[in-house]
Amino acid sequence: MTTARLTPSTAALLTLPPLLWAGNAVVGRLVTGLVPPVTLNFLRWALALAILLPLGGWVLRPGNGLWPHWRRFALLGLLGVGLYNALQYLALHTSTALNVTLVASSMPLWMLALGRLFFSTPVTRPQLLGALLSMAGVAVVLARGDWAQLARLKLVPGDVYMLAATIGWAWYSWLLARRAEPEAIRADWAAFLLAQVLFGLGWSALMTAGEWALTDARIQWGWPLAAALLFVAVGPAVLAYRFWGLGVQRAGPAVAGFFGNLTPLFAAVLSALFLGEAPRLYHAAAFALIVAGIVVSARR
């Protein structure tokens, strides 16, 4: 068996997606007063769909294997496109970009729990210890660094939204691991993402209609919003997906997983630069616990 090598080019591929995902959180925070959160998610994926159509549009033709598997792609689209970023953008209305990315770093805990409960995947002691460390890191964020506050903890709505988004993404990731679609679709990253975006956009349209019917939603059009939409559609939605897929192919998912936890670090830097949200000492402690959990759980 050959061992995957982490070359400088592969490391660069795996570093760019966390940077783009951190930028997504920061931009989502910046435009909270310009566009409603669910609408932002819809506009983002509508632009991504337009970008993907020339690259993977063949998957929509009859007889290419997509439509017999429409239920699977409808569920993937709901979890990965319709819900995750809508909840993330909603979270950013009441929580900071750094808090949101740190809470999202609890992913290993939910991955282990869902794998054990629904996919009959055994949990090893190192994995359990790692999950507990990651959970402690999330608890530090939720308590804002004051352990006594846990007893009287009142969660910020954004923290709850992000926890729900993270659990949904963990479920989405497990579904991705179950290869049920034709290999031709799976092998073409643009077609595979396009199939999910197509159905996800339908879910997002329904949620957006509800947002406009039930709230006083409004959009402040202008160059700042246009630039933000272009960034979140091209960068975090399309380019990050492509770079991450290439990096995972080269280095393997175990190595790639470590890079995903760079997102809170990048979010801290970008938040300080663009939002004036300087990181606190408890953020560093939470990040250290989460990374320690990843390292421990990944040990053989």
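Quick note: the coordinates plus some simple rules give every number you see, no bench work behind them. Because the structure is a prediction, the values reported are computed rather than measured. In this analysis, Cβ positions are derived from the backbone assuming ideal geometry, glycine residues included, and neighbour counts consider all displayed protein chains.
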Using only the Cα atoms of segment 167-220, construct the convex hull and provide its projected area averaged over every direction, in square nanometres to one decimal. 5.5 nm²
Note on the chain: helices (DSSP H) long enough, at least 24 Å by alpha carbon along their axis, and hydrophobic enough, mean Kyte-Doolittle at least 0.5, are 8-30, 37-56, 125-142, 157-177, 189-214, 281-298
Ranked output for segments 84-95, 202-213 by mean other Cβ atoms within 10 Å, highest leading, reads 84-95, 202-213
Counting only helical runs of four or more DSSP H residues, what would the 222 nm mean residue ellipticity of the chain come to if each run contributes -39,500 (n - 2.57) and the total is spread over all its residues? -22500 deg cm²/dmol
For segment 169-273, with the dipole built from +1 on Lys and Arg beta-carbon atoms and -1 on Asp and Glu ones, taken about the Cα centre, which of Leu229, Val248, Ala209 lies farthest toward the positive end? Val248
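What is the Rg over Rh value, at two decimals, for segment 9-298, using alpha-carbon atoms and the Kirkwood definition of Rh?
Ratio of gyration radius to Kirkwood radius for segment 9-298: 0.96.
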Apply 1/(1 + (r/R0)^6) to the Cβ-Cβ distance of Ala136 and Ala177, taking R0 = 25 Å, and write down the FRET efficiency to the nearest 0.05. 0.40
